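> Dropping the structure in here first, questions after.
The values are calculated or read from the model by the stated rules, or taken from the named source; none is laboratory data. If you're wondering where the values come from, they're calculated on a predicted model, not measured in any experiment. Here Cβ is always computed from backbone atoms with ideal geometry, including for glycine, and neighbour counts include all displayed protein chains.
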Amino acid sequence: MRYITRVNYWLFKSEPREFSFDDLLKRPGKSEPWTGIRNYQARNFIRDAMQVGDKVLFYHSSTALPAVVGIAEIISKPYPDPLQFDDKSGYFDKGSPTDNPRWLAIDIKAVKKLKKEVTFEQLKKEPTLQTMRLVQRGNRLSVLPVTKDEFQTIVKLAGEEV
């Protein structure tokens with residue numbers, strides 16, 4: 001018997017000077033642990049809502065032209081972020097208990113680089129994306145939920161088939 005699960009959609013922000021979509025494409029298996037999330041709301045998205053098979057818009061932030069540049073997929077269940085226990089890491093959290101870790105990671109895999117980047121300005125101007133969290137004031141999270149319609153609209157804006 002096959003069970004049908006609901007696919008969720010996400011937008012993950014990354015500064016390309018730290019880790020870009022091209023970096024993800026160069027990784028063995030084109031996959032990478034998504035670590036370093038240190039915001040409780042973003043952590044809760046990982047813990048409570050993300051599942052294997054969910055789709056991800058990969059967004060380059062803190063650049064001259066912030067933009068959605070690729071599509072990825074979640075390929076693991078959430079697990080304790082190992083960087084929280086590494087005292088040499090900038091993501092070290094000495095208060096995180098090993099028996100009940102505070103921070104979580106999830107693995108993602110590159111699906112495809114978009115034919116055309118979809119800039120933040122394009123997102124803001126698109127009438128159907130006016131309620132998207134990314135374009136709302138004060139949404140600075142590195143992990144944001146995206147609706148299926150928002151995901152499909154952005155993929156179409158990139159010149160891709162949905």
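> Show the residue pairs meeting these rules: Cβ distance below 6 Å; 6+ apart or different chains; first residue within region 58-84 and without any contact (Cβ under 8 Å) to a residue 24 or more places away in the chain; second residue surrounded by fewer than 23 Cβ atoms within 10 Å (Cβ to Cβ) and not hydrophobic (A, V, I, L, M, F, W, C).
Note: pairs meeting the criteria are Gln84/Asp93; Gln84/Ser96.
> Continuing with this model, one more query. Quick check on this structure: which one of Gly53, Gly95, Gly90, Gly70 is on the phi > 0 side of the Ramachandran plot and not aromatic (Phe, Trp, Tyr)?
Of the residues listed, the single one that is on the phi > 0 side of the Ramachandran plot and not aromatic (Phe, Trp, Tyr) is Gly53.
> Check whether at least one residue in region 63-78 is over 11 Å from the mean Cα position of the chain (by Cα), among the charged types (D, E, K, R) and either buried (at least 16 other Cβ atoms within 10 Å of the Cβ) or within 20 Å of Thr147 (Cβ to Cβ) (or both), and report yes or no.
no
> Taking only region 120-148 into account, find how many residues are surrounded by 16 or more Cβ atoms within 10 Å (Cβ to Cβ) and out of contact with any helix residue (DSSP H, G or I) (no Cβ under 7 Å at 6 or more places or on another chain).
Residues flagged as surrounded by 16 or more Cβ atoms within 10 Å (Cβ to Cβ) and out of contact with any helix residue (DSSP H, G or I) (no Cβ under 7 Å at 6 or more places or on another chain) within region 120-148 amount to 2.
> Take the residues of region 48-62 that are of a type outside the set (S, T, N, Q) and more than 24 Å from Arg17 (Cβ to Cβ): which is surrounded by the fewest Cβ atoms within 10 Å (Cβ to Cβ)?
Asp48
> From the list Gly29, Gly95, which one is at pLDDT below 95, among the small types (Gly, Ala, Ser) and out of contact with any Pro (no Cβ under 9 Å at 6 or more places or on another chain)?
None of the other options fit; the residue is Gly29.
> How many of the residues making up region 25-47 are outside any loop (DSSP other than H, G, I, E, B) and in contact (Cβ under 8 Å) with a residue 12 or more places away in the chain?
Total meeting the criteria: 13.
> Oh, and also: Looking at this structure, is Pro101 over 21 Å from Arg17 (Cα atoms), within 19 Å of the chain's Cα centre (by Cα), at pLDDT 95 or above and surrounded by fewer than 20 Cβ atoms within 10 Å (Cβ to Cβ)?
Considered against the rule, which asks whether it is over 21 Å from Arg17 (Cα atoms), within 19 Å of the chain's Cα centre (by Cα), at pLDDT 95 or above and surrounded by fewer than 20 Cβ atoms within 10 Å (Cβ to Cβ), Pro101 comes out as no.
> Please go through region 85-124 and give me each residue that is in contact (Cβ under 8 Å) with a residue 60 or more places away in the chain and out of contact with any Phe, Trp or Tyr (no Cβ under 9 Å at 6 or more places or on another chain), ordered by number.
Matches in region 85-124: Lys109 only.
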